[in-house]
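Notes for the one structure printed next.
The values are calculated or read from the model by the stated rules, or taken from the named source; none is laboratory data. The shown structure was predicted, so the numbers you read here are calculated from the model rather than taken from an experiment. Note: ideal-geometry Cβ built from the backbone for every residue, glycine included; neighbour counts use all protein chains shown. In case anyone asks, the SASA skips ligands and DNA or RNA and just uses the protein heavy atoms, side chains included. Shrake-Rupley method; radii C 1.70, N 1.55, O 1.52, S 1.80 Å.
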Amino acid sequence: MELKGRHLLEPLNFSVAEMDDIFELAERIIKNPKNYAEVCKGQLLATLFYEPSTRTRFSFEAAMLRLGGQVIGFSEPNSSAVAKGESIADTIRTVACYADIAVMRHPKEGSAIIASKYSDIPVVNAGDGGHQHPTQTLTDLLTIKLEKGSFENTTVGLCGDLKFGRTVHSLIRALLRYKGVKFVLISPEELKIPEYVREEMKRAGADFEEILDLKAALPNLDVLYMTRVQRERFFNEADYIRLKDTYILDKAKLSHAKESLMILHPLPRVNEISTDVDSDPRATYFRQAKNGMFVRMALIMKLLGIE
């Protein structure tokens, strides 16, 4: 599949076949990483991070470096010309003069779309506000594929902050394209899934239910996607404090779950998954983080047209 020069702004930018192509390349990289150690030699990745990130930024940088390329960029806007008031359009135009591909994270929804309109190089959305996070979705899907073999006929529980959680919104949109996926949406009333995502599920004819009780949901789940309650998305500190400990997964709750359950988390974790779960074979989140580097390696190669 030809993805050279394309932007990735949301999961639906790529067809199911194109995403499968990325997954197949990622699996080949996982099996023989040394075969890909020099394929991006002479290529430059720009990381434009307007808000804090550890895993996403590091995994993109590690991906490019492991492919033999190099990285430039900033990890917070005060260290760039953004602090002087430069627009996204001018920043990306300038960066496109130096780099071959750009990755951008920004707190405002739609920022990646703006950047793509002014860019001569591929732009990858690494998260725009509470909207989309497509490369986390690629990571999540690759992990499910590696662990389960298929996405079809799977019951997926999504727990915690479903209102502001961009990883949740992206994952739901991507999974709607596969047959037989059932969604169990577990959250307090204040953090329920946004109406536009609910409407997308209805239009797709998806089987979904919204419930408050994590323990009650666990016995039926094949995949549990935990999320943290994000302090940075709240305007009211009191609301954050009231809701932050609503859902905590621990060993006791896991006794009600299937032995085949896989537990995902986009990380960082605060306390929504107890550390006593880490040793459970169903805990998949650190393998998931490693898969994120491999799928980003595959994505970089595809967008640069490198085989």
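Computed over the chain, the per-residue total of -39500 (n - 2.57) for DSSP H runs of n ≥ 4 gives a 222 nm mean residue ellipticity of -11000 deg cm²/dmol, rounded to 500. A 1.4 Å probe run over the protein chains yields, for the chain, 43 Å² of accessible area per residue, whole-number rounding.
Rg and Dmax of the stretch 37-132, based on Cα coordinates, read 12.6, 38 Å.
Each Lys or Arg adds one and each Asp or Glu takes one away; over the other residues whose Cβ falls under 13 Å from the Cβ of residue 285, this sums to +1.
Loop exposure criterion: chymotrypsin sites (Phe, Trp or Tyr not before Pro), DSSP state outside H, G, I, E and B, at most 11 other Cβ atoms within 10 Å. Applied to the chain, the longest stretch between such sites is 99-234. Considering only DSSP states other than H, G, I, E and B, which trypsin sites (Lys or Arg not before Pro) in the stretch 31-68 qualify as loop sites with at most 15 other Cβ atoms within 10 Å? Loop-located and lightly packed - 41.
Say the dipole of the chain comes from +1 at the beta carbon of Lys and Arg and -1 at that of Asp and Glu; which of 96, 277, 15 then lies farthest toward its positive end? Working it through, the farthest residue towards the positive pole turns out to be 96. Inter-label distance, residue 287 to residue 120: 4.5 nm, where each label sits 7 Å from its Cα along the C-beta direction. What Kirkwood Rh does the stretch 1-78 have if only Cα atoms enter the pairwise 1/r average? Answer in Å. Computed over the stretch 1-78, the radius equals 14.2 Å. Taking every alpha-carbon pair within the chain, the share separated by more than 32 Å comes to 26 percent. Rounded to the nearest 20, the Cβ-based charge dipole of the chain about its Cα centre (Lys and Arg +1, Asp and Glu -1) stands at 440 debye. The simple spin-label model puts a point 7 Å past each Cα toward its Cβ; for residue 76 and residue 199 those points are separated by 3.8 nm.
Taking the inverse of the mean 1/r over every pair of distinct Cα atoms in the stretch 149-307 gives a Kirkwood hydrodynamic radius of 16.6 Å.
Model label points for residue 24 and residue 237, set 7 angstrom from Cα along the Cα-to-Cβ axis, are 5.4 nm apart. The local environment of residue 24, defined by Cβ-Cβ distances under 13 Å, has a net charge of -1 under the rule Lys, Arg +1 and Asp, Glu -1.
The separation of the stretch 117-152 from the stretch 186-222, counted between C-alpha centres, amounts to 21 Å. Using the Cβ of residue 298 as centre and a radius below 13 Å, the other residues enclosed give a net charge of 0, where K and R count +1 and D and E count -1. For the listed residue pairs 34/290; 163/215; 179/290; 179/202; 182/202; 4/148, the alpha carbons are over 18 angstrom apart in 163/215; 179/290; 4/148. Computed as a quarter of the hull surface, the mean projected area of the alpha carbon convex hull for the stretch 150-214 stands at 4.0 nm². Ranking 214, 194, 170 by Cα position along the charge dipole of the stretch 135-288, where only Lys, Arg, Asp and Glu carry charges on their C-beta atoms, puts 170 farthest toward the positive end. For the stretch 188-222, backbone nitrogen atoms closer than 16 Å to the point 7 Å from residue 255 Cα along Cα-to-C-beta are found at 215-216, 218-219. Only protein atoms count toward the accessible area here, which uses a 1.4 Å probe; on the chain, the carbon and sulfur part of that area reaches 49 percent.
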